[in-house]
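Quick notes on the structure that follows.
The values are calculated or read from the model by the stated rules, or taken from the named source; none is laboratory data. Quick caveat: nothing in here was measured; it's all calculated off a predicted structure. Positions of Cβ are backbone-derived with ideal geometry, glycine not excepted, and every protein chain shown enters the neighbour counts.
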Amino acid sequence: MPFDHCAECRRCCYIEQGYPSLEISLTSKEEQKFGSICIETNCPHLGATGCTLGEEKPFSCKLYPLSYDPGRKQIYYDTDCPLMPEYIRQLKDEQSEASSHLARCKQEIARLEKSDSAFLKGNFDIDSDYFELKRLPVPSHVKGGRR
């Protein structure tokens, strides 16, 4: 299970010294709940076994290591995430954890395109500025997938 390693790696929740802080993108609903979340060194919600917010964590965190470009309607991934080779491999299996994650993310993206498109644009702007992104190779069996 690729996401089992996230609590060990923590790369997405930690900013190395000398790098700028990372303001987590929040939907308008999440802004009302959290105000803001900024990672200066460690995410303030990072616990010993991973995120302490559980299912309440922001969508941008749930989406990571993926990033969605609403202009091109394409999904990218952070090349620095060590999970990605296994994630991409698992996308070939419709029943895999990666395929399930991608499907949930696409469902939420579709909802946000209608209700909070400014979030999607802002999140991609931050991601494309902060991370090294590469287009996600999505198998044709994935709904809406293109090669």
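Listed values, structure above:
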{"read-out": "Flag for residue 128 being of a type outside the set (Phe, Trp, Tyr), farther than 25 Å from residue 8 by Cβ and under 13 Å from the mean Cα position of the chain (by Cα)", "value": "yes"}
{"read-out": "Single residue of 119, 124 found to be out of contact with any helix residue (DSSP H, G or I) (no Cβ under 8 Å at 6 or more places or on another chain), part of a helix (DSSP H, G or I), aromatic (Phe, Trp, Tyr) and surrounded by 15 or more Cβ atoms within 10 Å (Cβ to Cβ)", "value": "124"}
{"read-out": "Count of residues meeting criterion [of a type in the set (Ser, Thr, Tyr) and in contact with a strand residue (DSSP E or B) (Cβ under 9 Å, 6 or more places away or on another chain)] in segment 109-142", "value": "2"}
{"read-out": "Within segment 43-75, considering residues that are of a type in the set (Val, Ile, Thr) and surrounded by fewer than 18 Cβ atoms within 10 Å (Cβ to Cβ), the one nearest to residue 121 (Cα to Cα)", "value": "52"}
{"read-out": "Any chance residue 38 is surrounded by 18 or more Cβ atoms within 10 Å (Cβ to Cβ) and among the hydrophobic types (A, V, I, L, M, F, W, C)", "value": "no"}
{"read-out": "Positions within segment 11-64 being among the hydroxyl-bearing types (Ser, Thr, Tyr), within 26 Å of residue 103 (Cβ to Cβ), assigned to a loop (DSSP other than H, G, I, E, B) and out of contact with any Asp or Glu (no Cβ under 6 Å at 6 or more places or on another chain), in sequence order", "value": "25, 49, 52, 64"}
{"read-out": "Residue that is more than 13 Å from the chain's Cα centre (by Cα), within 26 Å of residue 29 (Cα to Cα) and modelled with pLDDT under 95, where the choices are 86, 55", "value": "55"}
{"read-out": "Residues of segment 58-97 that turn out to be in contact with a His (Cβ under 7 Å, 6 or more places away or on another chain) and charged (D, E, K, R), as a count", "value": "1"}
{"read-out": "Among the residues listed as 143, 121, the single one being modelled with pLDDT under 95 and either under 23 Å from residue 39 (Cα atoms) or among the charged types (D, E, K, R) (or both)", "value": "143"}
{"read-out": "Where a residue in segment 82-106 is without any contact (Cβ under 8 Å) to a residue 24 or more places away in the chain and part of a loop (DSSP other than H, G, I, E, B) and its partner, wherever it lies, is surrounded by 13 or more Cβ atoms within 10 Å (Cβ to Cβ) and not aliphatic (A, V, I, L, M), with Cβ under 7 Å and at least six apart", "value": "93/99; 96/90"}
